[in-house]
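Read-outs: derived from the displayed coordinates by stated rules, not from any lab. Quick caveat: nothing in here was measured; it's all calculated off a predicted structure. So basically every Cβ, Gly included, is an ideal-geometry build from the backbone, and we count neighbours across all protein chains shown.
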Amino acid sequence: GSVTADERHHQPWGIVHGGLYAAVIETFATTGAFEAVRGCGRQAVGLANATDLLRPHRTGPLQVVAVPIQQGRTQQLWQVEIRRPGDDKLIARGQVCLQNVDVER
């Protein structure tokens, strides 16, 4: 997937705030994890998000790729990378642990 950063996402020094990366990483990991358990009457909820901020970015598109590391009966672990499309530089990466829980009816 992708996300486009602009001035609305800047911290006071003119670069994208790390909170944007953490939120994008959590969103993509949770979406992937949910799709993995949706047909089983379960949903995935985040337990931990570790986001590493590697390079500054100011504005423009970013490419996001989420990959499952482990998908078990009760937990999942996902890795997410955010890259700048123009030069393929890794801007941020994260790992999200999720719990698979029954959907309440």
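Some notes on this structure:
- Our helix-only sum for the chain, with -39,500 (n - 2.57) per DSSP H run of n ≥ 4 divided by its residues, gives a mean residue ellipticity at 222 nm of -6500 deg cm²/dmol.
- The angle between the Cα long axis of helix 18-37 and the longest principal axis of the Cα atoms of the chain comes to about 30 degrees, rounded to the nearest 10.
- Less than 5 angstrom separates the built amide H of L54 from those of A92, R93, all sequence-distant by 5 or more or on a different chain.
- Around the Cα centre of the chain, unit charges on the Cβ atoms of Lys, Arg, Asp and Glu (plus for the first two, minus for the last two) sum to a dipole of about 80 debye.
- Averaging 1/r across all pairs of distinct Cα atoms in the chain and inverting the result yields a Kirkwood radius of 14.2 Å.
- A simple rule links phi to the HN-Hα coupling: the Karplus curve 6.51 cos²θ - 1.76 cosθ + 1.60 with θ = phi - 60°, which for the stretch 47-60 gives 10, 8, 9, 10, 10, 9, 9, 9, 9, x, 9, 9, 8, x Hz, with x for Gly and Pro.
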